[in-house]
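Chemist: Pasting in a structure now, in structure tokens, and then I'll have a few things to ask.
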Amino acid sequence: MPQLSAPSAVMPSINNQAERLITLGLPAAITDETLRRAAARLATSAPEGSLLVLHERVAPASDLAPLMSLPAPGRAGKAGERRHGFVVTDMTDVDLFGPTPDAELPNADVYVVTGLQRGDDMQNWSPEEAEPTLRNAERTPLTLTEGIHWALQLPGIIEPGACFMTIGSRLVKPNGKYDTRTPALWISGGTGRDGAENKGAPKVGWCWWRNRHTWLGIASAKARVTH
């Protein structure tokens, strides 16, 4: 099995991550003080590099995606201008993508994810190929909202040629089978239905379950903890 790589950027402290989420704008389902109290408690035991996450029942992907941003590319925008995140037009059901059995979420509105890895060495792996490998390595695939939280804290985690899939989120169809779309985060080229105004913006899109992409890794973590 290849080593699952991780970017070198340093994650802010848990308390600073809470302040970042508050600055960006929290969903109405949770208050600033509730988040601050939870972060202070989790900060006492969370390993270095852990990610603070709001449960997707509190902060769904459709609410979080527009909070992501990246600098406007090249001459496409004015100095200091940023492009904000969006969900692709053919994924209006994004909030129906729930955690898989390999990505079971804790029953807590706020938790931390430990041992984050972007999975660069799983670039050109299909989700179908990666799933059992992660399981055998005792790792859990990231969910879409966890991936977005990561991008909110470290925008540079989504970079040209090194973006990632979040295969811990799947949509169950009425027949009980999984939809073959797999959520992923990458940078829009501003073409097609994305629109030129979104060139360089962080994007919530999808890839087929059995398809490989040379520029998409498979993001994973060691654990999810609430204390």
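Chemist: Can residue 90 be described as surrounded by fewer than 16 Cβ atoms within 10 Å (Cβ to Cβ), farther than 17 Å from residue 56 by Cβ and not hydroxyl-bearing (Ser, Thr, Tyr)?
Modeler: yes
Chemist: Identify, from the list 39, 65, 59, the residue that is at pLDDT 95 or above, out of contact with any Ser or Thr (no Cβ under 7 Å at 6 or more places or on another chain), open to solvent by less than 20 Å² (accessible area, probe 1.4 Å) and under 29 Å from residue 189 (Cβ atoms).
Modeler: 65
Chemist: Just to be sure I understand the filter: pairs with C-beta atoms under 6 Å, separated by 6 or more residues or on different chains, first member in the range 22-35 and in contact (Cβ under 8 Å) with a residue 60 or more places away in the chain and in a helix (DSSP H, G or I), second member open to solvent by less than 50 Å² (accessible area, probe 1.4 Å) and of a type in the set (A, V, I, L, M). Which pairs pass?
Modeler: Here the result reads 24/67; 35/18, each pair linking the range 22-35 to a residue that is open to solvent by less than 50 Å² (accessible area, probe 1.4 Å) and of a type in the set (A, V, I, L, M).
Chemist: In the range 1-22, how many are surrounded by fewer than 17 Cβ atoms within 10 Å (Cβ to Cβ), at pLDDT 95 or above and under 19 Å from the mean Cα position of the chain (by Cα)?
Modeler: Result for the range 1-22: 6.
Chemist: Any residue in the range 72-86 that is surrounded by 21 or more Cβ atoms within 10 Å (Cβ to Cβ), basic (Lys, Arg) and at pLDDT 95 or above?
Modeler: yes
Chemist: Which residues, taken from the range 206-223, are open to solvent by 40 Å² or more (accessible area, probe 1.4 Å) and either in a strand (DSSP E or B) or of a type in the set (S, T, N, Q) (or both)?
Modeler: Within the range 206-223, 206, 208, 211, 214 qualify.
Chemist: Could you list, ordered by first residue, the pairs with Cβ atoms under 9 Å in which the first is in the range 175-202 and more than 18 Å from residue 126 (Cα to Cα) and the second is part of a helix (DSSP H, G or I) and open to solvent by 60 Å² or more (accessible area, probe 1.4 Å), at least 6 apart or interchain?
Modeler: 190/196; 190/197; 200/74
Chemist: In the list 45, 62, which residue meets the criterion of being in contact (Cβ under 8 Å) with a residue 60 or more places away in the chain, among the polar types (S, T, N, Q) and not in a strand (DSSP E or B)?
Modeler: None of the others qualify; the one that does is 45.
Chemist: List, please: which pairs have Cβ atoms under 9 Å, are six or more places apart or on different chains, and start with a residue in the range 90-101 that is over 14 Å from residue 174 (Cα atoms) and end with one that is surrounded by fewer than 17 Cβ atoms within 10 Å (Cβ to Cβ) and not aliphatic (A, V, I, L, M)?
Modeler: 90/193; 92/62; 94/62; 95/62; 100/178
Chemist: State which residue is nearest to the chain's Cα centre (by Cα) when the search covers only the range 196-205 and only residues that are surrounded by 22 or more Cβ atoms within 10 Å (Cβ to Cβ) and aliphatic (A, V, I, L, M).
Modeler: 204
The values are calculated or read from the model by the stated rules, or taken from the named source; none is laboratory data. In this text the structure is predicted, and so the values were computed from the model without any measurement. Note that each Cβ is placed from the backbone with ideal geometry, even for glycine, and that neighbours are counted across all protein chains shown. Protein only, heavy atoms only, side chains kept; ligands, DNA and RNA dropped before computing areas. Shrake-Rupley method; radii C 1.70, N 1.55, O 1.52, S 1.80 Å.
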